[in-house]
Amino acid sequence: MNNKTFYIETYGCQMNFADSEVVNSILMNQGMVPVQSAEEADVIFVNTCSIRENAESRVWNRLKEFRALKKNRQELTVGVLGCMAERIREQIIDKEKLVDIVVGPDAYRDIPNLLAEVDDGRKAVNVLLSLEETYADISPVRTSGNGVTAFVSIMRGCDNMCSFCVVPFTRGRERSRPFESILREIDELDQQGYKEVTLLGQNVNSYKHENTDFTTLMDLASSRHPEIRFRFSSPHPKDFPEALLHLIAERPNLCNYIHIPAQSGSSSMLERMRRPYTREQYLELIAKMKKIIPGVSLSTDIIAGFCDETEREHQDTMSLMKFVEYDLAYMFAYSERERTLAHRKYEDNIPEEVKKKRLTEIIQQQMSIQEKNNQKEIGQRHLVLAEGFSKRSDQQLSGRTDTNKMVVFDRENYQKGEYVEVEITGCTSATLIARPIAKSSIGRFYAEPAYA
Ligand code: SF4
């Protein structure tokens with residue numbers, strides 16, 4: 001396998017991107033060499049997502065494109081990783097002859113053996129889910145990305161079994177990674193010059209290793225690296241720890257931004273979704289967040305058109321979003337997934353046009369809320385971490401505020417990876433426009449009474 005080149009194309013959630021970095025490390029330890037395009041690769045891996053139907057269709061289309069490559073290079077190896085590999089394993093090999101290797105999210109250590117099987121002319125599959133695997137001893141290798149912000153996975157799997165969700169079937173039972181291994185990875189990132197870390201898990205509140213729960217882990221990580229900013233994704237409203245809110249309020253490098261998935265604003269719908277909280281309990285949690293962390297920025301996930309959704313339940317979702325005034329929302333129409341409880345027990349009976357109409361209403365309302373929220377930012381000062389050039393011009397830098405809002409400002413003498421104090425001068429519903437004031441740091445910026 002020495003010197004064979006490999007290319008990984010990653011789809012889906014941040015967890016998948018973090019997993020691709022683990023696979024980078026496993027293959028490079030075998031002497032393989034990462035390349036940036038499929039055309040240069042001896043081995044192509046597609047790390048896939050199964051959360052919605054269209055996520056899988058994108059992968060099928062991409063695999064068809066690789067068929068052309070394989071026609072000209074018979075020795076080319078094509079593999080499928082991730083949730084699709086776990087969900088429809090054999091079907092991939094049977095349906096798509098060009099695929100040689102299928103590996104589920106808990107079997108990446110086995111890839112070198114599986115590649116050896118392919119070299120011997122056999123198709124290779126390993127989709128065994130594990131109760132222990134966290135890849136704790138593997139240092140992920142980041143071959144893409146901006147070199148400033150990084151994802152660190154702290155746990156795998158999910159036990160929540162929301163009725164619409166395929167994740168528990170593709171990623172297995174919950175297990176937490178040893179906190180020493182997480183802290184070691186963050187130390188390595190600090191040495192490599194990274195300035196922001198997002199801790200990842202399907203439900204980070206459930207993190208528990210020995211006596212270390214999620215709040216303790218955030219306390220340990222943020223006190224050890226005061227000039228690294230920390231974010232996390234995703235928590236669950238059912239058991240969000242109040243202690244964590246107080247820690248975020250007092251610790252300047254814990255971002256005042258919380259992604260808190262609601263999925264629906266209707267208690268009867270939440271019950272069908274197997275989300276163990278009511279509308280009222282969710283709003284109580286939001287009120288607590290806003291009280292303990294003044295100015296906290298909130299985002300959420302929303303599903304439109306789930307089974308049996310009434311117009312009344314849809315309006316409950318609209319009114320909840322209007323009341324919370326999220327700064328950002330990930331909004332999707334319900335996509336039925338096999339093996340889920342909803343697939344087994346309910347009917348996907350909301351017509352596509354009604355799903356679309358409700359989703360459009362939700363998105364339009366959310367865009368106007370975002371525009372209004374961003375208008376309020378004009379004249380405010382923020383500490384922005386410059387992540388790179390703006391999409392529009394290399395004379396401008398872009399980065400995010402502590403509250404996770406995207407900001408664009410003139411480059412002047414500022415560099416990627418620097419914390420820059422800025423003043424907001426304009427906005428769109430998605431981006432803030434700013435003028436840079438001075439190079440700064442977390443310690444310096446939050447020492448100012450105005451921002452403490
Ligand atoms: S919490 Fe629910 S929606 Fe999130 S990954 Fe787990 S089962 Fe899926």
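The values are calculated or read from the model by the stated rules, or taken from the named source; none is laboratory data. Please read these numbers as outputs of a predicted model, since none were measured by experiment. Cβ sites come from the backbone with ideal geometry, for glycine too, and all protein chains shown count toward neighbours. Ligands, DNA and RNA are excluded from the accessible area calculation, which covers all protein heavy atoms including side chains. Shrake-Rupley method; radii C 1.70, N 1.55, O 1.52, S 1.80 Å.
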Filter region 259-276 for residues that are more than 13 Å from the ligand (Cβ to nearest atom) and without any contact (Cβ under 8 Å) to a residue 60 or more places away in the chain and give the result.
-> Gly265, Ser266, Ser267, Ser268, Met269, Glu271
Filtering region 196-208 down to residues that are open to solvent by less than 10 Å² (accessible area, probe 1.4 Å) and of a type in the set (Val, Ile, Thr), which residue is nearest to the ligand (Cβ to nearest atom)?
-> Val204
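Residues of region 144-180 being part of a helix (DSSP H, G or I) and within 14 Å of the ligand (Cβ to nearest atom), which ones?
Within region 144-180, the subset part of a helix (DSSP H, G or I) is 167-171, 179-180.
Result: Val167, Pro168, Phe169, Thr170, Arg171.
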Filter result for Gly399 (in a strand (DSSP E or B), loosely packed, with under 15 Cβ neighbours inside 10 Å and not aliphatic (A, V, I, L, M)) | no
Subset tally (residues that are surrounded by fewer than 23 Cβ atoms within 10 Å (Cβ to Cβ), assigned to a loop (DSSP other than H, G, I, E, B) and either over 18 Å from the mean Cα position of the chain (by Cα) or of a type in the set (Ser, Thr, Tyr) (or both)) for region 33-59 = 4
Inter-residue pairs, beta-carbon under 7 Å, first without any contact (Cβ under 8 Å) to a residue 60 or more places away in the chain and in region 355-366, second in a helix (DSSP H, G or I), 6+ apart | Arg358/His314; Glu361/Met318; Gln365/Met318; Gln365/Met321; Gln365/Lys322; Gln366/Met321
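Residues checked against (1) crowded, with 20+ Cβ neighbours inside 10 Å; (2) part of a helix (DSSP H, G or I); (3) at negative phi:
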position: Ile182; (1), (2), (3): yes, yes, yes
position: Asp187; (1), (2), (3): no, yes, yes
position: Asp190; (1), (2), (3): no, yes, yes
position: Tyr194; (1), (2), (3): yes, no, yes
position: Leu217; (1), (2), (3): yes, yes, yes
position: Leu220; (1), (2), (3): no, yes, yes
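Condition first: over 21 Å from Arg231 (Cα atoms), touching a strand residue (DSSP E or B) at 6+ places or on another chain (Cβ under 6 Å) and open to solvent by 10 Å² or more (accessible area, probe 1.4 Å). Now tell me which residues in region 413-426 satisfy that. Talk me through it step by step, then tell me what you get.
Residues of region 413-426 over 21 Å from Arg231 (Cα atoms): 413-415, 423-426.
The next check asks that each one be touching a strand residue (DSSP E or B) at 6+ places or on another chain (Cβ under 6 Å); those that pass are 414, 423-426.
Those that are over 21 Å from Arg231 (Cα atoms), touching a strand residue (DSSP E or B) at 6+ places or on another chain (Cβ under 6 Å) and open to solvent by 10 Å² or more (accessible area, probe 1.4 Å): Tyr414, Glu423, Thr425, Gly426.
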Of the residues that sit in region 5-32 and are open to solvent by 30 Å² or more (accessible area, probe 1.4 Å) and out of contact with any strand residue (DSSP E or B) (no Cβ under 6 Å at 6 or more places or on another chain), which one is nearest to Ser50 (Cα to Cα)?
-> Gly12
Does Ser130 satisfy the criteria of being among the polar types (S, T, N, Q), open to solvent by 10 Å² or more (accessible area, probe 1.4 Å) and within 16 Å of the ligand (Cβ to nearest atom)?
-> no
In this structure, is Ile286 within 30 Å of Met406 (Cβ to Cβ), among the β-branched types (Val, Ile, Thr) and not in a helix (DSSP H, G or I)?
-> no
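Of all residues in region 80-114, count the ones that are in a helix (DSSP H, G or I) and open to solvent by 10 Å² or more (accessible area, probe 1.4 Å).
12
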Could you give me the residue pairs with C-beta distances under 7 Å whose first residue belongs to region 244-256 and is under 14 Å from Ser223 (Cα atoms), whose second residue is part of a helix (DSSP H, G or I) and open to solvent by 40 Å² or more (accessible area, probe 1.4 Å) wherever it lies, and which are 6+ apart or on separate chains?
-> Leu247/Asp219; Pro252/Tyr446
